[in-house]
Every structure is written in structure tokens, then in C-alpha cells.
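These notes concern the structure reproduced below.
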Amino acid sequence: MNGYFADVGALARKDLLLELRARDTLPAMLLFVLATFVVFHFALPSGSSALAASGLLWVAIVFTALLGLGRAFVPEREQRVFDALVLAPNDRSAIWVAKALATLAFLAGVEVVALPVFAAFFHGIGAATVGGVVLADVGICAVGTFVGAMATASRARELLLPLLFLPLAIPIVIGGVGASIVDSPGRYLGFLAVYDLIFATLCWASFDYVVAE
Amino acid sequence: MAVAIALIFFVAPEDADQGISQKIFYFHVPIALTAYACFGWGAWKALRHLWEREPGADLESYTAIHQGVIFGALTLVTGSIWARASWGVWWTWSSNQLVLFLVLFLFYCAYFMLRYSVEPGPQRENLSAVYALFGVVLIPVSFFAIRLANDFIHPTVFTSRGPQMSGTMFTAFCVALAAMLALAFTFYSVELVGKRVDARLRELRAAERPATAARRVPEAVAR
Amino acid sequence: MIRARELGKRYGEKRVLWGIDLDLRRGGVLVVTGPNGSGKTTLLRLCAGLAVPTEGELEVAVDRGRLGFLAHEPLVYRELTALENLDLYGRLYRVPERRERIGMLLERFGLWDARHERVAAYSRGMTQRLALCRALLHEPELLVLDEPFTALDAEGATLLDAQLRELAGERTLLVSTHDPARIDPLATLRLELAA
């Protein structure tokens with residue numbers, strides 16, 4: 001068990017280090033989400049309710065995450081380093097866990113800035129929304145990195161990633177939006193937690209089949 | 001297959017006295033259930049492929065999902081017709097079933113995009129199988145999500161009249177269901193046979209290549 | 001250590017490898033030659049466990065942790081330094097006394113001075129040498145090398161020569177090459193693939 005966590009740690013460290021060096025994904029995601037907010041301002045005619053803005057927050061999160069996810073496996077794919085990681089004696093699911101954690105860190109980093117900005121641009125954000133964002137992030141990163149790994153095998157990976165990801169993300173959006181706007185968000189937060197549990201387990205169990213022949 | 005079609009026509013006259021919206025119901029719901037069955041079967045075959053490496057399971061899984069998508073598309077179409085007939089609109093978000101099918105339709109269409117953008121080989125089979133499993137897990141999850149969403153997606157005031165089924169109507173429904181399943185199974189078998197023949201042909205063609213066996217120049221093997 | 005019977009590999013409709021029989025004992029050295037496209041890389045990937053055979057049987061009596069693989073690509077992260085790359089692999093392979101071993105390998109292959117530079121700045125020869133370090137890091141029992149001399153500079157080639165001679169007795173080697181003359185003296189088993 002110790003070894004597993006050590007592997008995840010080593011791999012996640014590697015991802016964070018790579019991003020620190022390259023410094024391209026994080027700033028891009030940040031810029032993207034802020035630009036999206038500006039677009040939303042113009043996309044919401046003056047009569048729109050505050051609820052519409054809440055809904056759009058979740059659209060922004062999902063698509064910003066997609067931007068980051070598209071970059072997730074680039075280093076492995078470009079130099080076929082995947083082979084080396086797969087050959088190593090570690091449990092292959094550790095690759096997925098590490099990548100998901102790193103992506104989670106990036107997404108959370110972006111949201112730390114984006115959420116306050118959203119609150120300033122549109123309207124306040126309650127605890128339930130923040131809770132929803134946290135839970136949703138876990139689901140997004142878990143499923144997103146998994147599907148991202150699948151997409152690396154294909155010829156049309158940039159096209160495929162959103163196609164594979166979005167249908168799976170629909171329940172997350174429902175949970176998140178619900179948590180943001182409904183008076184008793186407990187059910188939605190619970191739903192998000194269940195989603196995370198189910199899909200994280202499924203991803204963890206089947207990652208081996210995605211990378212090995 | 002002829003029997004299946006005959007059965008379907010049998011059903012239609014039985015409820016000719018109902019309004020047209022009721023008649024569509026006898027197609028719409030069995031088609032939907034058949035689609036679920038196809039996806040379920042596809043996922044089962046996918047599991048067999050991953051777990052036991054059952055040869056041919058990948059092809060069966062793919063064919064089943066193909067059928068599922070066809071029937072799924074039909075579900076959406078018949079659902080749309082039903083909505084038009086009942087309430088005069090081409091689409092309604094208030095039918096949980098219909099929305100669920102839309103999500104699933106998107107998901108399984110992506111299955112084909114996945115399949116066709118990866119080179120044929122063991123990796124493609126594995127990826128397809130894993131995705132099929134995700135799909136079958138997504139079905140209940142999406143169902144609950146959509147139900148939850150009804151809280152804040154205020155549906156327009158369309159009461160979806162679930163028909164109360166009397167005895168004869170129920171039998172008619174069951175007959176329709178059986179007919180649909182039989183139809184799906186027939187398509188499935190036909191398509192599967194076609195695909196298997198295809199695969200076999202390709203295999204034979206590939207084996208035709210002049211097999212100059214690898215020449216081996218063994219030196220002392222032991223050291 | 002490696003046993004194959006009627007081994008074959010097909011990608012979709014394309015048959016890349018067929019009818020391979022071989023029996024490589026522990027400590028032996030198998031040299032695989034053949035023109036481009038004859039399936040050398042595929043055979044090596046099969047033996048390394050990166051691909052699954054579509055025909056025949058293949059038995060490789062070593063587990064992943066004791067196998068070292070050198071591919072066409074160096075399999076190192078270009079944006080990390082040599083030290084960071086080897087540190088990552090060292091952790092993944094649970095190499096004991098990781099730092100010492102890394103230092104020793106970097107020195108042996110003449111990369112010690114460049115250890116803090118990003119791999120992106122390396123020359124082709126240096127990158128290949130780093131890839132060799134990676135493959136040797138965990139003292140594998142079975143070394144699978146895919147055309148190791150191709151990308152090496154002269155200095156690296158000499159170093160590799162020496163290293164292979166040293167290993168030839170104790171470890172099992174599987175090497176594919178364009179230029180058999182170099183490695184031939186060490187070979188205990190030869191396999192020539194036709195296109």
C-alpha cells in the first residue's frame with residue numbers, strides 16, 4: 001500500500017514539476033475562464049435572472065476543465081513515455097490517480113481565482129456552491145483524465161476528448177447547478193458524492209485495460 | 001423476422017380505437033426497452049471480453065451497441081412524434097425518459113467516434129469494452145440526475161399521461177415488446193454474421209501473403 | 001528465459017510477424033537483424049510485454065520490475081532534467097540506494113556534468129545515453145534493446161560496447177540492430193527477419 005502512494009506521489013510530483021517548468025496550462029485556463037465570464041456578461045440579456053448566471057458558472061467550469069484535460073497527457077503522448085510508465089512494476093492505475101490529482105490541483109488553482117471574480121462580476125457564491133465545486137472537480141478530474149488517456153490512443157484525440165467527456169459530465173453539471181441554486185442543496189451534494197464514488201471506482205478498476213494492450 | 005413484423009401489425013389494429021398518441025406508445029416504449037436491452041447486452045459482452053478474453057466478444061459487443069444506437073434513435077424519433085401528437089411540440093424536456101435517451105444517444109455515438117479513430121487491434125477492443133461498461137453505469141446515474149434536475153428545470157405544464165393499461169392493452173403491450181426484441185435480435189444476428197464473414201475474409205486475405213518464414217541461424221543456445 | 005513458438009503479431013489486417021520460434025536461455029544474447037519493416041521492433045515489444053501476440057505462444061520468465069527496455073524513442077521527459085527523470089524512474093522501480101546508483105550511471109555514461117540540464121537541451125547522442133541509463137537503472141535481468149547503436153554518438157557507442165560486454169555473461173540480452181558486426185561477437189543466438 002505504501003508503495004502505491006509513493007508511486008502516485010512520484011508521478012504527481014512529476015506532473016506538477018512539468019507544469020511549473022512549462023507554465024502554459026495554468027495561465028491559459030485562468031485566462032480562458034475569465035474571458036468566458038466576460039462573454040457571459042454579454043450573453044445574458046438584462047432581464048436574466050441570477051440563476052442563469054449560476055448555471056453559466058458551471059458551463060465555464062466544465063469547459064475550462066476540458067481545456068486543461070486536453071493538455072493532461074501531452075508529455076506522455078509526445079515522447080511515448082507512456083510505454084515506460086506502463087513497463088514499470090507499479091500498479092498502472094497509479095498513473096491515472098497521479099494525473100487526476102495533478103489536474104485537480106490545476107483546476108482548483110484556477111477556481112481559487114475564478115470564483116471570487118465570478119462573485120464580483122455576477123453575484124455572491126454560497127457555501128453550497130463551493131462544496132458543489134469541490135465535489136464536482138473530483139468527478140471531472142477523475143472521469144476526464146480517464147477519458148483523456150483513452151483519447152490519446154486515437155488519431156483524433158483533440159476531437160475525441162470533448163465527445164467522450166461531455167455526456168459523462170452532464171450528471172456532474174446537474175448536481176453542481178442544483179447545489180448552487182436550490183434551497184436545500186443536500187441532495188445534490190450527496191448525488192455528486194455518489195457520482196464521484198461510482199465513477200472513480202470504475203476508472204480505478206479499468207485503467208489497466210486502457211493502457212495495456 | 002417475418003413473424004416479428006406480422007406481430008407488430010397485429011398489435012396495431014388491436015388498439016385502433018385509441019387515439020394516435022396511444023398507438024405510438026406501443027412502439028415507443030418497447031423500442032426504448034429494447035435499446036436498453038441492447039446496451040445491456042453490449043456491456044455484458046464487453047465485460048466478457050475484458051474479464052475472460054472471450055474471442056469474438058468484442059464484435060458482439062460492438063454489434064449490440066450498434067443496434068442499441070439504432071433503436072435509441074428510433075426511441076427519440078417516436079418520442080418526438082408522441083410529443084407532437086400529445087402536446088403539439090416536437091420536443092419536451094419534461095419526459096425524463098426522452099432526456100435520458102438523448103444523453104445516452106450522445107454517449108453511444110461517441111462510442112463509434114472512439115472506435116473509428118483507433119487502429120483495429122487489441123487496444124481498440126479494450127477501449128471499446130471499457131467505454132461500453134461506462135455507458136451501462138451511466139444509465140442509472142443519468143436517470144437519477146435527470147430526475148433531480150426536474151427540481152429546477154421547471155417543466156412546462158405537460159402532464160405526461162402514462163396510460164393505465166387494462167388487461168387486453170397490457171397483452172398488446174407485451175406482444176409489441178416481444179416483437180421489438182425479436183426484431184432487434186434478428187438485426188443483431190444478421191449484422192453479426194455479416195461482420196464475422198467480413199473479418200474472416202480479411203484474415204484469409206492477410207494470410208495469403210507469401211509467408212517467408214523467419215530464417216533462424218542458431219548458434220550455441222546454451223551458455 | 002524467453003520462449004516463443006509460432007509467435008505472430010497482426011495489427012488489424014496487417015501481418016507484421018509470423019512463425020517465430022526461439023528459445024533464449026538465461027545469460028544468453030539474442031541478436032535480431034533484418035531490414036526496416038521486418039518486425040524487429042514488434043518482436044522486441046512483444047518480449048517486453050508492451051504488445052500481446054495474436055498467434056502462437058510467448059513465455060517471458062521475468063517480471064516487469066526486472067526488465068529493462070530501450071525503445072526507438074528515449075522515453076524520457078524532455079522538460080525535466082536528467083536527474084529528475086532518473087529519480088522518477090528510480091522511485092517507480094524501487095531502486096535501492098537510488099541516488100548513488102543514478103550518480104554512478106550518469107558518470108559512467110558521461111552525463112554527470114549535464115545532469116541539471118533539461119533533456120530538451122541534449123544532443124541526440126546524449127539523450128540516447130540517458131535512455132540507456134534509464135534502462136539499466138534497476139539492474140534488470142533481461143535487457144531488451146531496440147537498435148541501441150543507431151542514435152548514439154561515437155563516444156556513447158564505445159561506452160555501450162563496454163557495458164554490453166560486461167553484462168553479456170550475467171544478464172540476458174535481446175538486441176536488435178542494423179549493424180550486426182558490432183554486437184555479433186557476443187551473440188549466442190541469432191535471428192534474421194525477412195521483410
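Please treat every number below as a calculation from the coordinates, not as lab data. Everything quoted here is computed from the prediction, not taken from an experiment. Every residue, glycine among them, receives a Cβ derived from its backbone with ideal geometry; neighbour counts consider all protein chains shown.
Mean partner shielding of peptide A:168-179, defined as the number of other chain Cβ atoms within 10 Å of each residue Cβ, is 5.
Where the eigenvalues come from the Cα gyration tensor of region C:7-68, what are the semi-axes √(5λ) of the equivalent ellipsoid, largest first, in whole Å? After scaling each eigenvalue by five and taking roots: 20, 14, 11 Å. In terms of Cα atoms, the Rg and Dmax of region C:130-195 work out to 11.7, 34 Å. For chain C, the longest principal axis of the alpha carbon atoms and the long axis of helix C:154-168 meet at an angle near 60°.
On the basis of the beta-carbon distance and an R0 of 60 Å, C:D63 and B:A85 show a calculated FRET efficiency of 0.40. Taking Cβ atoms as reference points and 11 Å as the exclusive limit, the residues near B:Y116 contribute a net charge of +2, counting Lys and Arg as +1 and Asp and Glu as -1.
Across the alpha-carbon atoms of region A:2-211, the computed radius of gyration and Dmax are 17.4, 59 angstrom.
Comparing C:Y77, C:Y122, C:Y11 in a Gaussian network model of chain C, where Cα atoms under 10 Å apart are tied by springs, the biggest mean-square fluctuation is seen for C:Y11. Relative to the longest principal axis of the Cα atoms of chain A, the long axis of helix A:2-22 lies at roughly 70 degrees.
Across the alpha-carbon atoms of region B:62-148, the computed radius of gyration and Dmax are 14.9, 49 angstrom.
Dividing the Cα radius of gyration of region A:6-79 by its Kirkwood radius returns 1.15 for Rg/Rh. Work out the FRET efficiency for C:H72 and A:H41 from their Cβ-Cβ distance, taking R0 = 41 Å, and round it to the nearest 0.05. For C:H72 and A:H41, the calculated efficiency is 0.20. If you take every residue apart from B:L192 with its C-beta less than 15 Å away from the C-beta of B:L192, what net charge results, scoring Lys and Arg +1 and Asp and Glu -1? Every neighbour counted, the sum reads 0.
Tally the DSSP beta bridges in the protein assembly as shown and give the antiparallel ones as a percent, rounded to 5.
45 percent
On the basis of the beta-carbon distance and an R0 of 51 Å, B:I153 and A:D91 show a calculated FRET efficiency of 0.80.
Express the relative contact order of chain A as a whole percentage, based on alpha carbon pairs under 8 Å and six or more residues apart in sequence.
Over chain A, the number comes to 26 percent.
Taking the longest Cα principal axis of chain A as reference, the axis of helix A:50-70 is set at about 20 degrees.
When you filter the trypsin sites (Lys or Arg not before Pro) in region A:1-80 for DSSP loop state and at most 16 other Cβ atoms inside 10 Å of their Cβ, you are left with A:R23, A:R80.
For C:G39, nonlocal amide neighbours, meaning residues 5 or more places apart or on other chains whose placed amide H falls under 5 Å from its own, do not occur.
Shielding of peptide C:152-159 by partners, expressed as the average count of other chain Cβ atoms within 10 Å per residue Cβ, is 0. Quick one: net charge of C:V62's neighbours, Cβ under 13 Å, K/R +1, D/E -1? That works out to +2.
Averaging 1/r over every pair of different alpha carbons in the protein assembly as shown and inverting the result gives a Kirkwood radius of 27.7 Å.
Panel order for B:F25, B:F143, by other beta carbons found within 10 Å of each beta carbon, from fewest to most: B:F143, B:F25. Bridging of C:K14 to lysines at a Cα separation below 24 Å is possible for B:K195, C:K40, once same-chain residues fewer than 8 apart are set aside.
Quantify how strongly other chains surround peptide B:26-34 by giving the mean number of their Cβ atoms within 10 Å of each of its Cβ atoms.
Per residue, the number of nearby Cβ atoms from other chains is 0 on average.
Put in line by how crowded their Cβ is, counting other Cβ atoms within 10 Å and starting with the fewest, B:L133, A:L44 read A:L44, B:L133. Modelled label positions at A:L16 and B:R202, each set 7 Å beyond Cα in the direction of Cβ, lie 4.5 nm from each other. With the simple model of a label 7 Å out from the Cα in the direction of the Cβ, C:M104 to A:V182 spans 6.2 nm. Taking one quarter of the surface of the convex hull spanned by the alpha-carbon atoms of region C:16-170 gives a direction-averaged projected area of 9.4 nm². The ranking of A:M29, C:M1, B:M113 by Cβ neighbour count inside 10 Å, starting from the fewest, reads B:M113, C:M1, A:M29. The distance from the alpha carbon centre of region C:125-195 to that of region A:136-213 is 44 Å, rounded to a whole number.
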